[in-house]
Every structure is written in structure tokens, then in C-alpha cells.
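The values are calculated or read from the model by the stated rules, or taken from the named source; none is laboratory data. What you see is a predicted model; the values in this text were computed from it and never measured. A quick note on method: Cβ atoms are made from the backbone with ideal geometry, for glycine too, and the neighbour counts reach across all protein chains shown.
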Amino acid sequence: MRKGLTKNPAIVAGYELDIFNEHEALRKLAEKLCCDVYAEPLTSRCAFPSDHPLFCGDLLPASALLNMTLAPYDFVLLVGCSLLLYPYTVLEPLYKKSVVEITYDAEEGFSRTWETHVCDVGWFLSELTLHVKKRERERTQNLKYSLLSKAASAKFRMGAEHVLYQISKRSAGRAVFDEAVSLSPILRSFLGYFPKRYFSARSGQLGWALPASIGFSLAALPSLAVIGDGSFNYASQALWSASKYQTDTVFIVLDNKGYAILKSYARSRNMEVTEEEWLSPETKAESVANAYGVDSRVASDLDSLESALDWALSGKGPKLLRIEVDTTIPQLF
């Protein structure tokens, strides 16, 4: 491994680490190097435990933003990830940056212009840890206080930051299935990553989380599906299974009155399209849930939010809670 790794490196971790149980090997390397660790853009699994002090959050799926975030580092180690799964901008990622990638995935490895090794990732990390020098440095970043500040500022507009902060205080013990789509970056920040406890669809996000969370709760642990009101329309029939088998599943529908992810994408290209009626279908998820025999409630303001969350996230499911959140279109593209 090149000498630059011991100067100012950063690690970008991906979904393979959760699939192959390699978090501990990566933790040892990151701590020896005392380097910042990022999660790959839109990761589908726990890339690195988010409560670790070296974790710096998620990279965003745009080459310009990737380059900006990783600009301070002279070396980037990509571990079990796919940096370009969603390369929404045309700029070359990591341009003129010293990069090495290690992966289990031969297809991923053979499609990159930088140095890539297809190998046993855990073995590679363990061997590398033995050969790098231990680094010491001060770190001033504190994601926790930054998140608390964002939650507080979003409170009175029913912003997703406040809502997801309140969910995070009550959701311990449940595996999270994320199909919040436009609000997914905020969800990841507040609910966090923990091994075998965070799941999202790698190939797309419509209609997956609701049935996946039901199957998971039947086979393993209690689950929490957080989905958008647009996504809910794609697989609501799965609620029949939740009702039939009385799964310990909680469904939280974040209702921002339409397809905010499409509105955000449209706004970056043609602002007028965001006003089209077909982008704002209104869905009463609680009525659908009741029809399938799943208990449901609605939280439409601050006065009802906390009591509704207490109801949804205490005891056993299945339960559905629709929460009306701020409808401001997020800047994602």
C-alpha cells in the first residue's frame, strides 16, 4: 500500500461490510489510522456504525459533491462500496485523487479507472492494519450536536429532522427499513447505521420496504418501515400479510404530499414541472391500513406527534402511523 495512506487518508465504506460481517476489521484499521470514515452514497446496508466517533456521515450521489467532500484528503480507500451507483453529475469523481478500492465484487472491480483489488475484504483490512503506522490527531467534529441543532430548528414546521429525531428516541430494538426516498438522507442521519439493523433497496426504492419489513419481522427481529406517501402506493397490499400473521412491524408513512424526490429532480431542470398535479397524489394510508385490519393513526401537528409515536413504537405491531411533515421540496440534485 502506498505511503500516502499514512498522511491524511479517508475511508469510504459500503454495503459489502454488512453482508460479510467485516465491520470489526474496518474499525481496527480506522482507529489505528485515526482517519475519517464516510458511508458510500445511498448505501443499502450498515457501512460503518454511525455511533463511532470516526464516522463522518454519508457521501451524496453527485460527483461534484463527492469531490468537494473528499478534497481535503490526499488518499481515499474505498472498502466494499460502489461509489458510482448513482453518479447524478457528469464530472469525473475523485479526479487526480490517489485512490485504492478493495471489493468482493469482480464486476465492480473491473469497471473502475483507479487501482482496484478484488479480494477477501476482511483479510485485506486485517493485513493492512498490521502494516500501517498508528496515527494521532485531534478531532473536533461532533455529529450528535449538529443533529440536535437541526432537529430543534425544524420543530415548528414539522420538519423531517424533528420528526425523525423523535422516532429515533423510541425505535431502539427495531431493524429499520428505509424507503423514505427524498427524506432518506435525513433518516440515515437520525436513525443511524448499526450492523444488520439498517436496510434499503440497492436497486431502487419503490414498493420494497413495506413487504421486506414484514418478512424480516416474521423471521428475525421487530422491524420499523419508514416510507414516503408516494412509495406507500406501490405495495400497500403487503399489509394483508402483516394483519394475517400479526407481525411485529411498525409502518411510519412520512407524508409530504407527493413525490418529493421527483419534484426535487424536476426543480433542478424545469421548475414548472414541480407544480404538476400528477406529482402530488394524496394518499390516506391509514384508511388503507384499516381496510386490511391494521391499526392506524395520524399525526398532523406537534400536539399529536409525540403521543402518536408513543402509541406506534410501544408494544407490538402491526401498526401504521401517517405523519404529515413539511412539504418543502428538498435540494437533492
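Taken over the range 95-104, residues that are surrounded by fewer than 21 Cβ atoms within 10 Å (Cβ to Cβ) and touching a residue at least 24 places away in the same chain (Cβ under 8 Å) amount to 6.
Yes or no, residue by residue, for (1) in a strand (DSSP E or B); (2) touching a Lys or Arg at 6+ places or on another chain (Cβ under 7 Å); (3) modelled with pLDDT of 95 or more; (4) of a type in the set (A, V, I, L, M, F, W, C):
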| site | (1), (2), (3), (4) |
| --- | --- |
| ILE214 | no, no, yes, yes |
| TYR234 | no, no, no, no |
| LEU239 | no, no, yes, yes |
| LYS244 | no, no, yes, no |
| VAL253 | yes, yes, yes, yes |
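When GLU107, GLU115, GLU92, GLU31 are checked against the criterion of being acidic (Asp, Glu), surrounded by fewer than 21 Cβ atoms within 10 Å (Cβ to Cβ) and without any contact (Cβ under 8 Å) to a residue 12 or more places away in the chain, a single residue qualifies: GLU107.
Scanning the range 9-34 for residues that are closer than 14 Å to CYS56 by Cα and over 18 Å from the mean Cα position of the chain (by Cα) yields PRO9, ALA10, ARG27, ALA30, GLU31, CYS34. From the list SER63, SER82, SER44, exactly one residue is within 28 Å of TYR265 (Cβ to Cβ) and under 11 Å from the mean Cα position of the chain (by Cα). Which is it? Only one candidate qualifies: SER44. Just one of the listed residues (LEU147, LEU77, LEU130) is free of Cβ contacts under 8 Å to residues at least 60 places away in the same chain and surrounded by 15 or more Cβ atoms within 10 Å (Cβ to Cβ), and it is LEU147. Being surrounded by fewer than 22 Cβ atoms within 10 Å (Cβ to Cβ) and either in the same structural domain as ALA47 (by TED's automatic domain parsing) or out of contact with any Phe, Trp or Tyr (no Cβ under 9 Å at 6 or more places or on another chain) (or both): is that true of GLY192 here? No: the conditions fail for GLY192. Only one of the numbered conditions (1) over 20 Å from the mean Cα position of the chain (by Cα); (2) over 25 Å from GLY14 (Cβ atoms); (3) in the same structural domain as VAL298 (by TED's automatic domain parsing) is violated by ALA219, and that is (2). Within the option set THR69, THR129, THR103, being of a type outside the set (Gly, Ala, Ser), more than 21 Å from the chain's Cα centre (by Cα) and at pLDDT 85 or above holds for one residue only, THR129.
Apart from one condition, PRO281 fits all of (1) at pLDDT below 80; (2) assigned to a helix (DSSP H, G or I); the exception is (2). Set side by side, the residues LEU183, LEU187, LEU164 differ, and just one is modelled with pLDDT under 90 and either crowded, with 21+ Cβ neighbours inside 10 Å or within 16 Å of SER44 (Cβ to Cβ) (or both), which is LEU183. Considering only the range 151-170, state which residues are free of Cβ contacts under 8 Å to residues at least 12 places away in the same chain and in a helix (DSSP H, G or I). Passing the criteria: ALA152, SER153, HIS162.
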